Amino acid sequence: MAKNSICLWYDTDAEAAARFYADVFPDSEVTGVHHAPGDYPSGKAGDVLTVTFTVLGIPCLGLNGGKAFKHSEAFSFQVSTEDQEETDRYWDAIVGNGGEESACGWCRDKWGISWQITPRVLMEALAAGGGEAKRAFEAMMEMKKIDVATIERARRG
């Protein structure tokens, strides 16, 4: 058991979400499905209460807690990608499975969890500072899914 993990609140679909993440991302797996030993405010004895899993090596606990809380962009997974192919693969998996696009490389999965699918080239451009960062930032501000070729052109000016 991890000393520290991220707890993600779901209405009722923690297991489905964890299995989806394990199918989409490397170094991800479902490590346990735990059933409620008794009735609780959002369910009954025997329902899936928690799911332990990893996403890209990060330990997580999915809690089926009901409709009391909703996710927001205040929490997101940031996934660094190497190229457009990897960017497209993750973005398309999330958005194409009932999720939705947002701005600047952000999208939300069908369970409401936010994801930043961020090509390495964008982070490098922003870290470079100066005109290169400004041009890359301005290009990014016009995008939903990040277009690597456009960011590379912006870097060069």
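Here are the numbers for the structure shown:
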read-out	value
Q116 polar (S, T, N, Q), open to solvent by 60 Å² or more (accessible area, probe 1.4 Å) and either under 25 Å from P26 (Cβ atoms) or not in a loop (DSSP other than H, G, I, E, B) (or both)	no
Residue selected from region 136-152 under the condition open to solvent by 70 Å² or more (accessible area, probe 1.4 Å) and outside any helix (DSSP H, G or I), by the criterion nearest to T81 (Cα to Cα)	K144
Boolean, A133 is within 22 Å of E152 (Cα to Cα) and in a loop (DSSP other than H, G, I, E, B)	no
Some residue of region 32-46 being out of contact with any strand residue (DSSP E or B) (no Cβ under 8 Å at 6 or more places or on another chain) and assigned to a helix (DSSP H, G or I)	no
Region 46-85, subset surrounded by 12 or more Cβ atoms within 10 Å (Cβ to Cβ) and aromatic (F, W, Y), residue modelled with the lowest pLDDT	F69
Selection status of A125, in a helix (DSSP H, G or I) and either surrounded by 15 or more Cβ atoms within 10 Å (Cβ to Cβ) or of a type in the set (D, E) (or both)	yes
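The values are calculated or read from the model by the stated rules, or taken from the named source; none is laboratory data. Please read these numbers as outputs of a predicted model, since none were measured by experiment. With ideal geometry, Cβ positions are generated from the backbone for all residues, glycine too; neighbour counts draw on all protein chains shown. SASA here: full protein model, heavy atoms, side chains in, ligands and nucleic acids out. Shrake-Rupley method; radii C 1.70, N 1.55, O 1.52, S 1.80 Å.
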